[in-house]
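Notes follow once the structure below has been shown.
FYI, it's all coordinate maths here, none of it is from the lab. All figures in this text were calculated on a predicted structure; none of them were measured in a lab. Positions of Cβ are generated from backbone atoms using ideal geometry, with glycine treated the same way; all protein chains shown enter the neighbour counts.
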Amino acid sequence: MSHGWRSILRGRDLLANNLGWVVGNGQSIHVWQDPWLSVNKQERPIGPPCEHYVELKVSDLMLPETCEWDLHKLQLCLPDYKDSIQCIKPSQTGAPDKIVWLGTKTGEYTTKSGYYNAVNGEDNGHAGPVGDDFNWKKNVWNLECAPKIKMFSWKLLKGALPVGARLHERHVPVDPACKRCGEVESITHLFFHCRFARKVWQLAPFATEVDCSGMIDLAEEWLPICVKKCLPPSGISSGSLAPWILWSLWKERNKFVFEGHSASPEDTLSKALVIAREWCTTKERNTLSKSIRITIPVQLPPLTVTIRSDAAWAPGGTTAGLGCFVISPSESHSFSKGVSHVTSALMAEGLAMLEAVKLGAKEELRKICFESDSSQLISAINSGTCCPELYGVVADILAFSTIFEFVTFAWIARERNIQADRLAKAALNVSVPQVVDGVVIAPN
């Protein structure tokens, strides 16, 4: 097979192993063949099914003409999955089922997540020069430096730089010797053991000196080098200088090898300081401009009714309390209820907003502003894209909101949502069974 065809087949297998369904109306999902029980991993019921249930669709597990689960049929067909299925919230308005990528929270494929799944799923634990316990997020991707420096650091720790020793290992016909001193050009030699590199590290304005003589395991020494503080005259007030020095050493090495330009250790360090200082200054300026940005509130038309929603959910539980507080020019009133089979705080917030929209439709309000202290939920509703878990709920919110003459969804601070918060907590307390002297008191 050609390289292109092998790549196509590998991409096909990657998708087949990492795609899953989120339930809308359930009409497109086969109960036994398709993964639909989880939005985090591929999970489907374990068979074998009875002969007359082989072609069962997820919609067949719902009550006729509705998108509510048929508890009798769940108990009959899938008794072991009854509770987990009830935690899935289908679309009550009949939104179509959707295929999502299970490697991200948004359900959308990214090159980063695809690469991560390919490496971890097919390389059988091979981690290259860095061990499995290395914290990539903390030690590389969360460094305070430019994205290109983070990518370079990742390549450096993965041993993916084309130094002489690595090229020789891959049978590339090149001289593996260091062009400055003649020793074998490995990654640790080029960046730490070479006379040129050691001189650069000696000149670096760190509070404590970098000892390169005994460095063997780069991953083990990576964090101590990156957290070294710079002395005040350097102008590097935040972030790590070490990755910038490594980047400058690599750039000067390439200029020396391919252009014959030999810079001094002082010039190499100076370039690292300049680009690091420029990046820090630009970052501080952008952070300041973002902090003073003024948000202009949405101008509401006259006679607009405001409904604030909130939810209460205890981690590890499956019961939630929902609260809605209606503020109109003439009067204010409230609504609350308890619901079961809720597995996250975000799902509880979504269900609370859905109840608020239904309440507005039931009272035949025309101009309405829905407010919530969940920024993630408001962002999902306004953008029309959400995490797979909320797919059915957000689809219903958007469908119900089309009947209003004017509608907007806005975020408010938690301090302004006290009434809805109290209603939700009260509903949760009523819904959760209490134990007194070993006797379980059922909720009203």
Tabulated pairs, region 371-400, first touching a residue at least 40 places away in the same chain (Cβ under 8 Å), second of a type in the set (S, T, Y) and crowded, with 23+ Cβ neighbours inside 10 Å, C-beta under 8 angstrom, 6+ apart or interchain: E371/S309; S372/S309
Region 44-103, residues that are among the β-branched types (V, I, T) and over 29 Å from I397 (Cβ atoms): I46, V54
Per-region count, region 198-222, residues within 38 Å of the chain's Cα centre (by Cα) and closer than 21 Å to A165 by Cβ: 10
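Taking the condition among the aliphatic types (A, V, I, L, M) and surrounded by fewer than 15 Cβ atoms within 10 Å (Cβ to Cβ), does L78 pass? Even if it seems obvious, please write down each step before you answer.
Values: among the aliphatic types (A, V, I, L, M): yes; surrounded by fewer than 15 Cβ atoms within 10 Å (Cβ to Cβ): no.
Against the criterion (among the aliphatic types (A, V, I, L, M) and surrounded by fewer than 15 Cβ atoms within 10 Å (Cβ to Cβ)), L78 does not qualify.
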Residue match in region 70-89 (condition: aliphatic (A, V, I, L, M) and under 20 Å from Y391 (Cα atoms)): yes
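Counting just the residues of region 379-429 that are of a type in the set (S, T, Y) and more than 20 Å from K367 (Cα to Cα), which one comes out surrounded by the most Cβ atoms within 10 Å (Cβ to Cβ)? Spell out how you get there, then give the answer.
We begin by selecting, within region 379-429, every residue of a type in the set (S, T, Y); these are 379, 383, 385, 391, 401-402, 408.
Now narrow it down to the ones that are more than 20 Å from K367 (Cα to Cα): 379, 383, 385, 391.
Details: S379: 13, S383: 9, T385: 14, Y391: 26.
Filtering first and then ranking leaves Y391.
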Listing of helices (runs of 4 or more DSSP H) fully contained in region 138-232 that carry 2 or more residues being under 19 Å from I275 (Cβ atoms): 147-158, 195-203, 218-226
Flag for K358 being assigned to a helix (DSSP H, G or I), in contact (Cβ under 8 Å) with a residue 24 or more places away in the chain and over 18 Å from I412 (Cα atoms): yes
Complete set of residues in region 48-103 that are of a type in the set (G, A, S) and either part of a loop (DSSP other than H, G, I, E, B) or within 21 Å of A348 (Cα to Cα) (or both): S84, S91, G94, A95, G103
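Would you check if D60 is within 22 Å of G317 (Cα to Cα) and in contact (Cβ under 8 Å) with a residue 24 or more places away in the chain? Break it down stepwise before answering.
Details: within 22 Å of G317 (Cα to Cα): no; in contact (Cβ under 8 Å) with a residue 24 or more places away in the chain: yes.
Spelling it out, it is not the case that D60 is within 22 Å of G317 (Cα to Cα) and in contact (Cβ under 8 Å) with a residue 24 or more places away in the chain.
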